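The values are calculated or read from the model by the stated rules, or taken from the named source; none is laboratory data. Predicted, not measured: the structure shown is a model, and the values here were computed from it. In this analysis, Cβ positions are derived from the backbone assuming ideal geometry, glycine residues included, and neighbour counts consider all displayed protein chains. Side chains included, ligands, DNA and RNA excluded: accessible areas come from the protein's heavy atoms. Shrake-Rupley method; radii C 1.70, N 1.55, O 1.52, S 1.80 Å.
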Amino acid sequence: LGKVVEDIHKEQVTAENNAQFQNIVKKAAVDIERISTAASRGTDVKLAVDTFEKLTQPEAWNELTNGKRKRVKTKFNQWLNKQKLNEYVSITKAVTANHIKFVKQSNNDHVNELVLKAASTNFYDAKNAYSQLLAWFADPANSVPYSIEEWKKFEEDTLKTVEDLQYTYGAKNNPDFTVKNEEEISKVLGPAKAKKLVENAKLKILSDTREL
């Protein structure tokens, strides 16, 4: 009889331990997801991981584990460590993506500012900005967030935009030059756009003549 009672007791303890463990996990899983989501919004991987680690120590769930059997606490700690390892990977990927997005946006803002200056009618400002653009693209540190193909396209598109804007603004600010260099402009911007710019330049010349 004693053996039967002991076996029944062991089964009850095991069932009770499992039930308690599941209840703790259900609540802890929600907390971990919330903490992980918050940490994943940043752009600093080390800060994100350190913050997540600090907020997911076993002690954070003492209210749930206090008074529970050692087996329940051990099982919870094992589950927690496994969950944290999975979340570290997720957080690192998310924060790295945020970092790349942030850096690329900052780069775009900086480059766009230089592009507008490089297309300025002020020769000194334009030359200085264009030199800064070339120097910026020549710096390997700036290419880190991009693939080789992305970086090459970014540089080519940027310098093409500068030329485009220079000719576009030139049709208004220096129409004579535009009219005389339609063939050269066509090589850079294409025949259709070159033709349109020349038409605009001629209209500007005609308008300026009438104002005399």
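With only Lys, Arg, Asp and Glu charged, each at its Cβ (+1 for the first two, -1 for the last two), find how big the charge dipole of the range 91-156 is about the Cα centre; round to the nearest 20 debye.
Approximately 160 debye in magnitude.
With label points built 7 Å along Cα→Cβ from the Cα atoms of residue 161 and residue 69, find their separation and express it in nm.
Calculated label separation equals 6.6 nm.
Dividing the alpha-carbon Rg of the range 59-212 by 2.2 N^0.38 Å yields what?
1.91
Can you tell me the dipole magnitude for the range 47-90 around its Cα centre, using point charges on the Cβ only (Lys, Arg +1; Asp, Glu -1), in Debye to the nearest 20?
460 debye
If you count only protein heavy atoms with a 1.4 Å probe, what accessible area per residue comes out for the chain, rounded to a whole Å²?
Per-residue value: 67 Å².
How big is the charge dipole of the chain about its Cα centre, in debye rounded to the nearest 20, if each Lys and Arg gets +1 on its Cβ and each Asp and Glu gets -1 on its Cβ?
Here the chain has a charge dipole of around 960 debye.
Enumerate by residue number the GluC sites (Glu not before Pro) in the range 93-185 meeting two conditions: DSSP loop (anything except H, G, I, E, B), and at most 14 other Cβ atoms within 10 Å of the site's Cβ.
none
Leaving out ligands, DNA and RNA, and with a 1.4 Å probe, what % of the accessible surface on the chain is carbon or sulfur?
Taking all protein chains in place, the chain shows 55 percent carbon and sulfur surface.
Have a look at 103, 147, 25 and report the one farthest towards the positive end of the charge dipole of the chain, computed about the Cα centre with Cβ charges (Lys/Arg +1, Asp/Glu -1).
Positive-end residue among those listed: 25.
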